[in-house]
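Here is the structure we will look at.
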Amino acid sequence: MKQNKKWYDYLWIVSLTYLILGFFNILFAWLGLLCFFIPLIISVTMGSKSYCNKYCGRGQLFALVGGRFGLSRRKDIPKWIKSHYFRYGFLIFFFAMFFLMLWNTYLVFAGSKDLSTVVTLLWTFKLPWHWAYHGTLFSDGVAQFAFGFYSVMFTSTVLGFVTMLLFKPRSWCVYCPMGTMTQLVCRARNGSSPHNT
């Protein structure tokens, strides 16, 4: 029996639109902050991971491309990726890179560094992205944050697609830094140990 679709089943369109908008105008990258704050607000106020389970458009996009379109090998993700060591280690690394991005943004705001109109893929490969910047009424630091944040979102999307192709469609969800962090928040709020599951 076919299930009735809910409005949140179409949030993959939002994730896809975000990536497309950032290709044409990098300042749209600021909208990605919603993907940081909404999961945290839900986990802090409700003590649940309902964002990951229902509202994550990126997870839906992977499920659609890998599942319905059959681009996933549908293999189990390796146990080492599921391990606490990898997930927490990746969370720490991811946020270290995030704070480095914030530091570079600060330097541009302070005027001690020029605006870099590149998107950094996998924290290593610098892709020219100058066509997506059309100027701003604000400081160049606003654009620098946008380039840095879009780099974070683009990199995590690429990692998600790679693991989608190699393993099950939503394998990214296993080690997603936001998923790991909201899980820690939920466990702290509900008074359970992070090693209980």
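Annotations for the structure displayed:
- Single unsatisfied condition, LYS54 versus (1) more than 21 Å from CYS173 (Cβ to Cβ); (2) at pLDDT below 95: (1)
- Residues of the range 99-129 that are exposed (fewer than 11 other Cβ atoms within 10 Å of the Cβ) and among the small types (Gly, Ala, Ser): ALA110, GLY111, SER112.
- For the range 8-98, the helices (runs of 4 or more DSSP H) that sit wholly inside it and include 3 or more residues that are surrounded by fewer than 16 Cβ atoms within 10 Å (Cβ to Cβ) are 12-24, 34-46, 79-82.
- Of all residues in the range 118-161 being small (Gly, Ala, Ser) and part of a helix (DSSP H, G or I), the one that is farthest from ASN25 (Cα to Cα): GLY160
- Residue-level check: of (1) over 25 Å from ARG58 (Cα atoms); (2) within 19 Å of the chain's Cα centre (by Cα), PHE138 misses just (2).
- Test for MET164: is it in contact with a Phe, Trp or Tyr (Cβ under 6 Å, 6 or more places away or on another chain), assigned to a helix (DSSP H, G or I) and aliphatic (A, V, I, L, M): yes
- Search result, residues across the range 91-116 that are free of Cβ contacts under 8 Å to residues at least 40 places away in the same chain and of a type in the set (A, V, I, L, M, F, W, C): ILE92, PHE93, ALA96, PHE99, LEU100, TRP103, LEU107, VAL108, PHE109, ALA110, LEU115
- Only a single criterion out of (1) of a type outside the set (A, V, I, L, M, F, W, C); (2) in contact with a Lys or Arg (Cβ under 9 Å, 6 or more places away or on another chain); (3) at negative phi is not satisfied by GLY47, namely (3).
- Against the numbered list (1) out of contact with any strand residue (DSSP E or B) (no Cβ under 8 Å at 6 or more places or on another chain); (2) in contact (Cβ under 8 Å) with a residue 24 or more places away in the chain, VAL119 comes up short only at (1).
- Among the candidates ASN196, ASN190, residue that is at pLDDT below 95, surrounded by fewer than 20 Cβ atoms within 10 Å (Cβ to Cβ) and touching a Gly at 6+ places or on another chain (Cβ under 7 Å): ASN190
The values are calculated or read from the model by the stated rules, or taken from the named source; none is laboratory data. Since this is a predicted model, take the numbers as computed values, not measurements. Backbone-built Cβ (ideal geometry, glycine too); neighbour counts: all protein chains shown.
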